[in-house]
1. When the range 148-181 is examined, which residues are found to be of a type in the set (A, V, I, L, M, F, W, C) and under 18 Å from Thr47 (Cβ atoms)?
2. Quick check on Ile54: is it in contact with a Ser or Thr (Cβ under 9 Å, 6 or more places away or on another chain), surrounded by 13 or more Cβ atoms within 10 Å (Cβ to Cβ) and in a helix (DSSP H, G or I)?
3. Right, Asp197: open to solvent by 40 Å² or more (accessible area, probe 1.4 Å), modelled with pLDDT of 95 or more, in a helix (DSSP H, G or I) and of a type outside the set (Gly, Ala, Ser) or not?
4. Does Ser235 count as modelled with pLDDT under 95 and in contact with a helix residue (DSSP H, G or I) (Cβ under 6 Å, 6 or more places away or on another chain)?
5. Between residues in the range 172-185 that are among the basic types (Lys, Arg) and residues that are at pLDDT below 95 and part of a strand (DSSP E or B), which pairs lie under 9 Å by C-beta distance while being six or more apart or on different chains?
6. Would you check which residues across the range 65-83 are surrounded by 18 or more Cβ atoms within 10 Å (Cβ to Cβ) and more than 12 Å from Gln115 (Cα to Cα) and list them?
7. Only one of Pro161, Pro150 is touching a Lys or Arg at 6+ places or on another chain (Cβ under 7 Å) and either within 26 Å of Gln129 (Cα to Cα) or outside any helix (DSSP H, G or I) (or both); which?
8. Please enumerate the residues belonging to the range 84-137 that are open to solvent by 30 Å² or more (accessible area, probe 1.4 Å), closer than 22 Å to Thr183 by Cβ and assigned to a loop (DSSP other than H, G, I, E, B).
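The values are calculated or read from the model by the stated rules, or taken from the named source; none is laboratory data. Note that the structure is a prediction, hence the values are computed from the model and not measured. Here the Cβ positions follow ideal geometry from the backbone for every residue, glycine too, while neighbour counts run over all protein chains shown. The accessibility values were calculated without ligands, DNA or RNA, using every heavy atom of the protein model including side chains. Shrake-Rupley method; radii C 1.70, N 1.55, O 1.52, S 1.80 Å.
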Amino acid sequence: MRAVWRTSRVATRIASPRVRRVALVLLATLLLGACGPVVAMFGDSNTARSADSIRTALEGQNGDYIPRVYGEPWCGLLPNADCTIDWSQLIADDRDQMQPDVYVVALGLDDALWQTDAALADYGTSIDQFVELLDPPGGRQVPILWMNLPIIQSTKHPGTPERIATINAALDAAAQRWPDVLTVVDMRDVFTPHYPDWWVSDGLHLNATGQAEFGALVRQSVDQLEATTTTTTTSTTTTSTTTSSTTTVPSTTTTTSTSTTTVPTTAPTTTTTAGP
């Protein structure tokens, strides 16, 4: 180790200033190239249980993305006595630390399980408030990928499929209100045909296969968003198009589709202990 350090010091002394500058530029390029976009994900116990699969899928073999995964059991958008997380503080802290380039949200199942129909009647307002936490007015606009919910059954929670349908409909409507920011990822159509095979015996939490597929869906959704962003940036500086309309946006803004997005799956960072 001492010999290596001495050799390094000698090389530094004999290298010309120009050579040192070139070396520093190359080193900076390598370091920056190894750091992909930051993806911050906020979810419930299924996100907590799937955190390793999600991180592995996002990182890939070459550190393609920098994942920050937050899974909070019992938590949704609506107040819940068993959920102690302050979403606004967690999101603000993460933004201050890493400045995410993409947000992924996988929330709503706990609301479908524990909330009443009356509480879900104005669920769209709760979605809007969460979007504003992620993209505060006047801040840097960051695209949001929001997973809708697979249709599942629960003998302990009658009416769950109907409440899930209510939440998914509210999410689709929110995407229409936030066309420049919010894209719905169709986890419902991808996962529902595999119910209950991708779930553990409680019918609520994903098993190992489901977790791997969850991570793959997150990765493919982010890849698709990044590809859209690249295409939009290189094709025009003022106008970008979606599948439903043409919208004039600033050059630094990405416009994503307002419709529900189905992403095919393939088999393949801070979390909490998984819970209901």
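1. Leu149, Ile152, Ile164, Ile167, Leu171 - these are the residues of the range 148-181 that are of a type in the set (A, V, I, L, M, F, W, C) and under 18 Å from Thr47 (Cβ atoms).
2. Here the answer is yes, as Ile54 does meet what is asked.
3. Judged against the criteria, Asp197 is not a match.
4. When the stated conditions are applied, Ser235 does not pass them.
5. none
6. Listed by number, the residues that qualify are Tyr65, Ile66, Pro67, Arg68, Val69, Tyr70, Gly71, Glu72, Pro73, Cys83.
7. Just a single option satisfies the conditions, and that option is Pro150.
8. Scanning the range 84-137 gives Gln99, Asp101, Pro136, Pro137.
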